[in-house]
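A short write-up of the structure that comes next.
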Amino acid sequence: MSLILFACVVRVRDGLPLSASTDFHHTQDFLECRRRLKTLALRLAQYPGRGSAEGCDFSIHFSSSRDVACMAICSRQCPSAMAFYFLETLWWEFTASYDTTCIGLASRPYAFLEFDSVIQKVKWHFNYVSSTQMENSLEKIQEELKFQPPVVLTVEDTDMANGVMNGHTRMHLEPAPNFRMEPVTALGVLSLILNIMCAALNLIRGIHLAEHSLQVAHEEIGNILAFLIPFVACIFQCYLYLFYSPARTIKVVLMLLFICLGNMYLHGLRNLWQILFHVGVAFLSSHQILTRQLQEKQSDCGV
């Protein structure tokens with residue numbers, strides 16, 4: 001009988017699954033354990049580097065370092081030292097294959113699904129190679145577990161991670177900022193281009209005025225800020241359109257307000273048409289940000 005039944009790699013900060021082994025177990029108890037593993041992944045950032053959740057027939061083990069965590073479902077007969085040695089080996093294999101930039105930019109579940117073949121090889125090795133061949137490594141892990149024992153979770157802890165409390169009352173969970181957004185529209189691309197153009201104009205004028213003011217006078221500091229603050233606001237509008245951010249509406253209103261006030265302050269340095277152009281682009285970008293929504297969560301596609 002296999003001791004390690006399922007393994008996956010997730011991103012710690014938001015629980016996004018990055019890769020997982022193919023699932024050949026379809027018993028009700030195992031599927032329930034898979035559900036608990038997924039919900040526990042959402043709370044990994046709150047726990048130490050190692051932990052276990054014990055069930056009737058299966059155990060969940062996790063090991064995390066930096067922004068990558070490996071999780072596994074094992075049979076109750078699997079020694080904890082072997083489970084954590086397996087997870088540590090899997091972590092090293094994954095971090096050696098993908099750099100932190102790729103991991104941080106992943107925006108969809110199972111972005112590194114091809115790593116499944118490596119997971120299967122490592123899983124097979126631990127399931128079918130004699131433990132005597134890993135004796136030295138297992139002893140080292142056992143010593144580490146004595147000095148730094150893993151956090152032990154209960155079934156109720158994994159339910160809490162899913163927002164289920166006594167009486168099955170669901171807690172409100174704020175959407176993770178890395179959820180995938182709807183596709184960019186043609187009008188959205190146009191707003192990005194115009195916004196970048198406005199940001200460039202503000203930056204060029206602001207730097208030019210700053211160089212002139214440092215040589216001539218210091219009274220132009222207000223005009224310099226009136227160019228540079230809208231520049232930052234334009235760049236932040238581009239970010240808000242491309243990536244999800246909590247409290248988007250408040251941020252959009254603030255950026256729009258900064259751009260409008262900055263251009264009003266520059267009335268003497270810009271004509272009416274220039275001011276209307278900058279303000280119009282800001283309103284167009286704000287509308288595109290607020291109308292671009294999150295996509296519905298994708299299913300696991302049988303993984």
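Please work out if Met134 is among the aliphatic types (A, V, I, L, M) and at pLDDT below 70. No: the conditions fail for Met134. Just one residue in the set Ile204, Ile221 is over 21 Å from His287 (Cα atoms), β-branched (Val, Ile, Thr) and modelled with pLDDT under 85; that residue is Ile221.
Do we have Thr100 as within 22 Å of Gln46 (Cα to Cα) and more than 16 Å from the chain's Cα centre (by Cα) here? Spelling it out, it is not the case that Thr100 is within 22 Å of Gln46 (Cα to Cα) and more than 16 Å from the chain's Cα centre (by Cα).
Residues in the stretch 241-262 that are out of contact with any Leu (no Cβ under 9 Å at 6 or more places or on another chain) and either surrounded by 17 or more Cβ atoms within 10 Å (Cβ to Cβ) or of a type outside the set (Phe, Trp, Tyr) (or both): Ser245, Pro246, Ala247, Ile250, Val253, Leu254, Leu256, Leu257, Phe258, Ile259, Cys260, Leu261.
Restricted to the stretch 109-139, and to residues there that are part of a loop (DSSP other than H, G, I, E, B) and more than 11 Å from Ser19 (Cα to Cα), the residue that is least open to solvent (accessible area, probe 1.4 Å) is Val129. Screening the stretch 275-303 for residues that are modelled with pLDDT of 90 or more and open to solvent by 50 Å² or more (accessible area, probe 1.4 Å) and picking the one that is farthest from Met197 (Cα to Cα) gives His287. Ala20 meets the conditions (1) buried (at least 22 other Cβ atoms within 10 Å of the Cβ); (2) out of contact with any Cys (no Cβ under 7 Å at 6 or more places or on another chain) in every case but one. The failed one is (2).
Look at the stretch 205-231: where a residue is farther than 23 Å from Met255 by Cα and a partner is open to solvent by 60 Å² or more (accessible area, probe 1.4 Å) and at pLDDT 80 or above, sitting 6+ places away or on another chain with Cβ atoms under 8 Å, you get Ser213/Ile221.
When every residue of the stretch 61-71 is checked against the conditions, none turns out to be in contact with a strand residue (DSSP E or B) (Cβ under 7 Å, 6 or more places away or on another chain), closer than 19 Å to Glu144 by Cα and of a type in the set (Asp, Glu). Within the stretch 40-57, the set of residues being more than 15 Å from Cys74 (Cα to Cα), open to solvent by 60 Å² or more (accessible area, probe 1.4 Å) and not in a loop (DSSP other than H, G, I, E, B) comprises Ala45, Gln46. Restricting the stretch 73-116 to residues that are in contact with a Ser or Thr (Cβ under 9 Å, 6 or more places away or on another chain) and of a type in the set (Asp, Glu), the residue that is farthest from His26 (Cα to Cα) is Glu88. Restricting the first member to the stretch 267-286 and to residues that are of a type in the set (A, V, I, L, M, F, W, C), and the second to residues that are outside any helix (DSSP H, G or I), the beta-carbon pairs closer than 8 Å and six or more apart or on different chains are Ile275/Leu266; Ile275/His267.
The values are calculated or read from the model by the stated rules, or taken from the named source; none is laboratory data. What you see is a predicted model, and the numbers here were worked out from it, not measured in a lab. Here the Cβ is made from the backbone with ideal geometry for all residues, glycine too, and neighbour counts use every protein chain on show. Protein only, heavy atoms only, side chains kept; ligands, DNA and RNA dropped before computing areas. Shrake-Rupley method; radii C 1.70, N 1.55, O 1.52, S 1.80 Å.
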